[in-house]
Amino acid sequence: MSRLNFTLEREAPGSQARAARFQTLHGEVQTPIFMPVGTQATVKGQTIHTLKAVGARVLLANTFHLLLRPGPEVFKKVGGIHRFMNWDGPVLTDSGGFQIFSLPGSRRMTEDGATFQSYVDGNMHLLSPENSIAMQRAIGSDIMMVLDQCVPSTAPYAEAETAMLLTHRWAQRSLVARGDSPQAMFGIVQGACHPDLRKKSAEFLRGLPFDGLAIGGLAVGETAEQRYEFTGLAASYLPKNLPRYLMGVGMPLDLLEAVHRGVDMFDCIIPAQLAQRGTVFTTLGKLHLRRAVYKFSEEPLDPACRCQACRDHTRAYLHHLIKSDELLGWHLLAIHNLSFYHNLMRAMREAILAGTFLEFYERMRPELTRTDSVNPSVKPKPAKIFKFPRLGDYEIHRGPAGFNSVRQISSGEVMHSVNRPEDEANRLYVEQSALAARLTAGDATADELVVWDVGLGAASNAMAVLRCFERCLAEKTDGPLRPLRLVSFECDLDPLRLAAGHAGYFPHVRHGAPKTILAQGHWTHESGGMHWELRNGDFLQLFADAKPPDLIFYDPFSYKTDSMLWTAETFARILAACTPKSVELYTYSAATSARVALLSAGFFVGEGVGTGPKADTTIAFTRADGANTHARPARLLGADWLARWRRSSSKIPATVPPEARVQFEKRIEAHPQFALPPTAAFPADR
């Protein structure tokens, strides 16, 4: 049971943003919240009185620095950090993992922990999960962080995976080291910019008894676009009933984007650091007080702010203090920046509770990137309206959940509009077809497993197949996999060209295969175990001479846009091409018209897994026993579906002429599928 008694108060419509509250040993915390960084038991240049005046509620201190100075003995003697610094609010302590990462020349990482040289006295120290937690217990923080191994966000897959697994083992040791302490503890999700590692890390940590989970390893090398993408990805895998903390981020716009993606807690040194350089955030834009344009300005720093700097001093005076390197200038500008951050968090919380966050988000995005428009440092250029890249009839589309898809401009159809493309590809096609089990069950002498990928699009499904093959190849130690042939059909390659040309928007195409497919029309894995071929053109003209499939991932545009691919005649031709093999066809559509077309063609049709708002999808089999031999037995449509079909207003496809409708109905009614005994229901995990 959580030590924080976390309560989710409201989730914002059209956004992942959320408002919550939780109870610490030193009082209640309301989220979203920004935590000023008090690395060495002090927020630089501030007193506890100024911190409370600007609205600070939780402070962050650092275990690494406090271990070296003043050391655990001091905290044990005085009774913890709250008495030591005379702060009566909550304190979160970082474990020191990032600081160790920042000392690459004087530290060594092992299973035991991190051995490093002290910057205070030059002595060598070991920071292990156990003594990191022991130090945090001595500090007496309200929330402790596990020790983690941080690597650059752009680290290669193998390096990121090794660090993630070490972080997981250290997390388990940290929980043991906490013992019966009433202090809360957060785990840290790692995995750099690798989607599957982020998912694995989140799934592992959510199974442990943490009181909250943090997203680590960002703001250490990636682009802002990647940071937002992986923040949203990681947050989507975290449980709703625990607080979510994005570590070390960031600028005001970063906070807005992360709250939009479901994050609750933040910390960063930027407000004080930029104040020291003379830079402040205001409702009029970002100002650089060292500029001579402010030398005679008698205006307040920000007319919308009531902090001490804005209330008592002019821009001219603050400019003078900064130019003179007076500590008072740094102190006052930091007061303002911290006030700006806390006001922003308060406004976001109010918008979430009011149900207006999405409008707030859209309004504030441009506001938080403004500079001083009254006194621009360079002649302003006409504002450019940002547009996502496009190619031909397609453009990149950003959905409200924060992930990118490809949209066809002419029809308005979005590829994977509700779920992340890679998530839907894995759940609907790769996992449901038990592709991994099929590959690992055979060996190099087995018949080639043939997968038809109908509707290549931006290659979400194809790359999910490829990634599955590579994972199986890495994990299987008792010999080679069953050979795999992936045949992709596509009449328009612009969606893949668009995605491959802007891989920053589409993590799934960050691989050499898509560009090779576009350039050469085929690609072979270096192991020789997988061959991917592209058939560019009209599917109806190309599939007849393709190698018969074992699996068909049927993912063209909908009937509205690609009507010819959803007719009974087309499915009948596909069935004939598959005979006599036992073949399974998976598709996202659960429409009555699609299922009727498949039944009319002679397929046996069952219910597939649900994705997003869809309660189910569709699986079709060339043989009745296909459903029974399926890796996770499928439930064929039965009498209940047939009864609903009889009442349906779209039970007969529009392509069937009036004189043939009676015969069509009889064909559906007489389908041998409906004479079979009821099959077993789906297992619980479906």
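Data overview
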| item | result |
| --- | --- |
| In the range 69-88, the residues that are surrounded by fewer than 18 Cβ atoms within 10 Å (Cβ to Cβ) and either under 21 Å from Gly248 (Cβ atoms) or of a type in the set (Val, Ile, Thr) (or both) | Val74, Val78 |
| Options Ala425, Ala458: the member that is in a helix (DSSP H, G or I) and buried (at least 24 other Cβ atoms within 10 Å of the Cβ) | Ala425 |
| Identity of the residue in the range 485-526, of a type in the set (Val, Ile, Thr) and part of a helix (DSSP H, G or I), that ends up surrounded by the fewest Cβ atoms within 10 Å (Cβ to Cβ) | Thr516 |
| Test: Ala503 is modelled with pLDDT under 95, aliphatic (A, V, I, L, M) and within 33 Å of the chain's Cα centre (by Cα) | yes |
| Matching option when the condition is part of a strand (DSSP E or B) and either crowded, with 21+ Cβ neighbours inside 10 Å or at pLDDT below 95 (or both), among Val29, Val43 | Val29 |
| Every pair of residues 6+ apart whose Cβ atoms lie under 7 Å, when the first sits in the range 171-188 and is part of a helix (DSSP H, G or I) while the second is among the β-branched types (Val, Ile, Thr) | Ala171/Val146; Ser174/Ile133; Ser174/Val146; Ala177/Ile133; Arg178/Ile133 |
| Thr7 being free of Cβ contacts under 8 Å to residues at least 12 places away in the same chain and farther than 26 Å from Glu130 by Cα | no |
| Answer from Ala56, Ala20 - the residue that is assigned to a strand (DSSP E or B), of a type in the set (A, V, I, L, M, F, W, C) and surrounded by 23 or more Cβ atoms within 10 Å (Cβ to Cβ) | Ala20 |
| Number of the exception - Trp645 against (1) outside the structural domain of Arg427 (by TED's automatic domain parsing); (2) surrounded by fewer than 16 Cβ atoms within 10 Å (Cβ to Cβ); (3) modelled with pLDDT of 90 or more | (2) |
| Pair list, Cβ under 6 Å, 6 or more apart: the range 359-385 residue under 19 Å from Ser297 (Cα atoms), other residue at pLDDT 75 or above | Thr371/Gly285; Thr371/Lys286; Asp372/Gly285; Asp372/Leu287; Ser373/Gly285; Asn375/Val293 |
| Subset of the range 527-562 (residues that are crowded, with 16+ Cβ neighbours inside 10 Å, within 24 Å of Thr579 (Cβ to Cβ), touching a helix residue (DSSP H, G or I) at 6+ places or on another chain (Cβ under 7 Å) and not hydrophobic (A, V, I, L, M, F, W, C)) | Arg535, Pro549, Asp555, Pro556 |
| Unmet criterion (only one of (1) among the β-branched types (Val, Ile, Thr); (2) assigned by TED's automatic domain parsing to the domain that holds Pro483; (3) within 22 Å of the chain's Cα centre (by Cα)) for Val414 | (2) |
| Lone unmet requirement of (1) over 16 Å from Arg198 (Cβ atoms); (2) modelled with pLDDT of 95 or more for Ser106 | (2) |
| Selection status of His397, in a strand (DSSP E or B) and in contact with a Ser or Thr (Cβ under 6 Å, 6 or more places away or on another chain) | yes |
| Answer from Thr524, Thr516, Thr477 - the residue that is assigned by TED's automatic domain parsing to the domain that holds Arg623 and modelled with pLDDT under 95 | Thr477 |
| The range 235-253, residues that are buried (at least 19 other Cβ atoms within 10 Å of the Cβ), in contact with a Phe, Trp or Tyr (Cβ under 7 Å, 6 or more places away or on another chain) and modelled with pLDDT of 95 or more | Leu242, Pro243, Tyr245, Leu246, Pro252 |
| Residue count, the range 139-170 (criterion: over 23 Å from Met265 (Cα atoms) and either assigned to a helix (DSSP H, G or I) or touching a Leu at 6+ places or on another chain (Cβ under 9 Å) (or both)) | 10 |
| Condition broken by Met135, with the remaining ones in (1) more than 33 Å from the chain's Cα centre (by Cα); (2) crowded, with 16+ Cβ neighbours inside 10 Å satisfied | (1) |
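Condition check ((1) in contact with a Cys (Cβ under 9 Å, 6 or more places away or on another chain); (2) at positive phi; (3) among the aromatic types (Phe, Trp, Tyr); (4) in contact (Cβ under 8 Å) with a residue 24 or more places away in the chain) across all residues:
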| residue | (1), (2), (3), (4) |
| --- | --- |
| Gly412 | no, yes, no, no |
| Asn419 | no, no, no, yes |
| Leu428 | no, no, no, yes |
| Ala434 | no, yes, no, yes |
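The values are calculated or read from the model by the stated rules, or taken from the named source; none is laboratory data. Just so it is clear, the structure is predicted and the values come from calculations on it, not from any experiment. Neighbour counts are summed over all protein chains in view; Cβ atoms, including those assigned to glycine, are modelled from backbone coordinates with ideal geometry.
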